[in-house]
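Peer 1: If you scroll down you'll find the structure; I have some questions about it.
The values are calculated or read from the model by the stated rules, or taken from the named source; none is laboratory data. Just so it is clear, the structure is predicted and the values come from calculations on it, not from any experiment. Neighbour counts run over all protein chains shown; Cβ positions are idealised from the backbone, glycine included.
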Amino acid sequence: MKTIMVATDFSERSDRALRRATLLARQTGASLSLVHVVDDDQPQRIVDAEREVALRLLYEQSATLRRIDGVACETRVVLASPFAGIAQASDDETPDLLVLGPHRRQVLRDAFVGTTAERAIRFVACPVLMANAPPVGPYRNVLLATDLSDASRAAIETFRALSLHGHARLSALHVFDAPAIGLAMGHSLNKEDKEHYLERERSEATGKLAAFFDGLDIAPAEYLARHDASGTADEILAAARQDEAGLVVVGTRGRGGLAKFLLGSVAEEVLRNATMDVLAIPPGPATADAG
């Protein structure tokens, strides 16, 4: 990995993203690119004043990063709407990773839909890391969530190439469906029969998960299969909490056609509700067309 871009608005949330990006830069040898967007839909005098303040703050941050952390750092101020500015900077610089702070958690979770963070994850070409948790050190446990698809395979290969995990313990998760439980026949099964059926389905799902990783140059320490009893995203987050994962890796849907307007529902729910960091990886050109 060569370049990590951090979008900052100088808030505490952005500071969290910057600190995580700095840790990753030191771990991987990447340089940082700090981007601040000034909303240009304002009177020119306000735009000019905000730009001057932003340039000064970015200069101070970059100087500290070079002096204290030994990380190479460039800065940039973009005049645009927040989302458009981030997208423009990402298109211009083509970073390997974009790091954002957590979204503002509000009483109505649906308020997250359409925010700068979500729109960036939908549209930029590079993986996006949402730094939710306080960055106290390298990741110790990482959970790789997969639906066993080609797009998911590509996402995991991208994750491996980024080298974000360092010496972290990796766990692979697949959330499986148990059709008979939801069918009419499920009501006729007693508790023992249901448990036996679920255990058989879990064993089969675990085998498929292990086979999925056979062709990948990455070796999870544990393979986890969970029944989709409460929704795939909820099961992913429950597994992450149980595994004490500091990072959850998920793929997103294809970017072609109408798909670019809808983030994959599972990834969207994980991003909305996660308290740990989440890495959302878009499909590459080949898998995007098939998504």
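Peer 1: Of the residues that sit in region 207-234 and are of a type in the set (D, E, K, R) and in contact (Cβ under 8 Å) with a residue 40 or more places away in the chain, which one is nearest to S149 (Cα to Cα)?
Peer 2: Only one residue fits best here, namely K208.
Peer 1: All but one of (1) at pLDDT 90 or above; (2) in a helix (DSSP H, G or I); (3) surrounded by 20 or more Cβ atoms within 10 Å (Cβ to Cβ); (4) of a type outside the set (D, E) hold for Q88, so report the exception by its number.
Peer 2: (3)
Peer 1: Please give the number of the condition I281 fails out of (1) modelled with pLDDT of 95 or more; (2) crowded, with 18+ Cβ neighbours inside 10 Å.
Peer 2: The failed condition is (1).
Peer 1: Which one of these is out of contact with any helix residue (DSSP H, G or I) (no Cβ under 8 Å at 6 or more places or on another chain) and of a type in the set (K, R): R140, R153?
Peer 2: Every option except R140 fails the conditions.
Peer 1: Take A233 and tell me if it is crowded, with 18+ Cβ neighbours inside 10 Å, modelled with pLDDT of 95 or more and under 27 Å from L24 (Cα atoms).
Peer 2: In short, no.
Peer 1: Ok, one more. When the residues of region 1-47 are narrowed to those that are basic (K, R) and outside any loop (DSSP other than H, G, I, E, B), which ends up farthest from R67 (Cα to Cα)?
Peer 2: Here the residue is R45.
Peer 1: Moving to a separate point now. Could you grab the pairs with beta carbons closer than 9 Å, sequence gap of 6+ or different chains, first residue in region 235-249 and polar (S, T, N, Q), second one part of a strand (DSSP E or B)?
Peer 2: Q242/L224
Peer 1: In addition: Of all residues in region 244-256, which are buried (at least 19 other Cβ atoms within 10 Å of the Cβ) and more than 16 Å from D147 (Cβ to Cβ)?
Peer 2: A245, G246, L247, R255, listed by residue number.
Peer 1: On to the next question. What do you reckon, is L23 under 22 Å from T94 (Cα atoms) and either among the hydroxyl-bearing types (S, T, Y) or out of contact with any Leu (no Cβ under 6 Å at 6 or more places or on another chain) (or both)?
Peer 2: Yes.
Peer 1: Also: How many of the residues making up region 66-103 are touching a helix residue (DSSP H, G or I) at 6+ places or on another chain (Cβ under 8 Å) and among the charged types (D, E, K, R)?
Peer 2: Residues meeting the conditions: 4.
Peer 1: Return the only residue of A172, A168, A151, A210 being at pLDDT 95 or above, over 20 Å from D277 (Cα atoms) and among the hydrophobic types (A, V, I, L, M, F, W, C).
Peer 2: None of the other options fit; the residue is A210.
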